[in-house]
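> The following block contains the structure, expressed as structure tokens.
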Amino acid sequence: MSRFGSARTGSRAQRWRRTRLRRTGALLLAVLALWTTWAALRPSAAATVAVTVAARPIAAGTTLGSADLKIAQWPAGVVVPGLLLPAQAAGQVTTGALAAGEPVTATRLAHSAWKALRPGEQAFTIPLADPQLAALLRAGDRVDLYDPATRRLVASSARVVMSTTPKVGPHDVTAPAEPTLVIAVEQRNSAQLAGALASAATLGTGLIAAASSRA
């Protein structure tokens with residue numbers, strides 16, 4: 001083969017290689033563009049929040065244990081007031097039946113201390129005029145309760161069943177806005193206490209409470 005023929009053959013081979021490289025590069029760019037477009041347009045994973053739900057059907061009056069509860073992922077936009085963490089719900093008593101998968105909220109539960117009511121006692125939820133006192137009281141303590149309008153003693157040595165005070169933790173969404181006491185009184189004091197609660201509601205305040213040493 002002449003030198004001229006060899007040069008022409010080599011030139012064609014080089015052009016073919018350059019063409020193949022250009023086509024390969026164009027194909028890679030097209031694939032990259034398609035992938036970028038797909039990544040930009042594909043729907044992002046929906047944000048979710050952890051929700052405590054009943055792990056099985058639960059009857060009313062059941063004291064919840066860890067086996068009764070599980071965590072489910074719900075859409076973040078769904079707002080369920082009064083949600084509890086499993087640790088908060090465990091040990092509490094259901095006030096009504098719960099279906100499997102139903103959210104476990106504070107309104108569906110009663111603290112196990114309600115079981116401590118004695119024959120002839122009634123329980124009242126008492127808002128307090130002095131919020132600091134609620135933080136100092138524990139179940140079993142005794143308090144004297146006074147009507148905020150008349151300053152008259154309406155319940156002597158009432159037994160504290162439960163004290164609820166606002167939590168300072170940023171994740172506690174179930175804490176009440178104001179401190180309250182759940183107290184047990186004898187039925188003969190119920191009417192006076194109910195009247196004092198009505199007075200407190202009218203005045204927009206709570207009952208006046210004083211720690212009692214009488215058992």
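> Determine the pairs where a residue that is of a type in the set (D, E), located within the range 66-95, has a partner that is not in a loop (DSSP other than H, G, I, E, B) with Cβ atoms under 8 Å apart, the partner being 6 or more residues away or on another chain.
Between residues of the range 66-95 that are of a type in the set (D, E) and residues that are not in a loop (DSSP other than H, G, I, E, B), the close pairs are D68/A54; D68/I58.
> A further question on this structure: Mind listing whichever residues of the range 164-188 are of a type outside the set (V, I, T), modelled with pLDDT under 85 and surrounded by fewer than 20 Cβ atoms within 10 Å (Cβ to Cβ)?
Result: P166, K167, G169, P170, H171, D172, A175, P176, A177, E178, Q187, R188.
> Please go through the range 82-109 and pick out each residue that is more than 12 Å from T52 (Cα to Cα) and assigned to a loop (DSSP other than H, G, I, E, B).
G91, Q92, T95, G96, A97, A99 - these are the residues of the range 82-109 that are more than 12 Å from T52 (Cα to Cα) and assigned to a loop (DSSP other than H, G, I, E, B).
Residues are listed down the side, and each one gets a yes or a no for (1) hydroxyl-bearing (S, T, Y); (2) at pLDDT below 70; (3) in the same structural domain as Q73 (by the TED database):
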residue	(1), (2), (3)
S6	yes, yes, no
T9	yes, yes, no
A13	no, yes, no
R20	no, no, no
R23	no, no, no
L29	no, no, no
T37	yes, no, no
L41	no, yes, no
A54	no, no, yes
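> For D147, work out the one condition from (1) surrounded by fewer than 20 Cβ atoms within 10 Å (Cβ to Cβ); (2) at pLDDT 80 or above; (3) over 31 Å from the mean Cα position of the chain (by Cα) it doesn't fulfil.
It is condition (1) that D147 fails.
The values are calculated or read from the model by the stated rules, or taken from the named source; none is laboratory data. Quick caveat: nothing in here was measured; it's all calculated off a predicted structure. Virtual Cβ from ideal backbone geometry, glycine too; neighbours counted across all protein chains shown.
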